[in-house]
1. Could you put 64, 15 in order, starting from the residue whose Cβ has the fewest other Cβ atoms within 10 Å?
2. Over all directions, how big on average is the projection of the convex hull of the alpha-carbon atoms in the chain, in square nanometres?
3. Per DSSP H run of n ≥ 4, the term is -39500 (n - 2.57); total these for the chain, divide by its residue number, and report the mean residue ellipticity at 222 nm rounded to 500 deg cm²/dmol.
4. Within 10 Å of each residue's Cβ, count the other Cβ atoms and sort 21, 49 from fewest upward.
């Protein structure tokens with residue numbers, strides 16, 4: 001059974017490269033291009049893991065994370081937050097809201113794949 005990953009990002013180039021990367025690794029991929037759509041897809045598709053961009057229209061990644069982690073039915077979905085901001089305050093805010101892990105853009109694809117795999121094995 002292949003694992004399902006939701007890519008939530010509003011930058012088309014990032015979505016395309018992440019989608020290619022995750023499919024190549026054998027994952028089933030779902031896409032959301034804003035925060036509202038991300039919450040909707042998480043509820044309807046129940047991905048195993050969400051690659052969640054912080055800066056998105058309609059709802060930020062922080063809001064999405066908070067909403068998902070506050071719902072007992074969705075709490076076990078892993079969230080890997082992606083952000084261009086490497087500031088410590090952003091990282092600690094994301095982790096405080098329940099994100100399982102954090103990566104700063106630009107990241108190496110190899111590092112991302114390893115992180116995703118280790119998060120799904122936990």
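1. The order, fewest Cβ neighbours first, is 15, 64.
2. If you wrap the Cα atoms of the chain in a convex hull and average its projections, you get 6.7 nm².
3. -14000 deg cm²/dmol
4. 21, 49
Any read-out appearing in this document is the output of simple, stated calculations on the displayed coordinates, not a laboratory observation. Computed from a prediction, not measured in an experiment: that's the story for all the values here. Don't worry about glycine lacking a Cβ; one is built from the backbone with ideal geometry, like all the others, and counts go over all protein chains shown.
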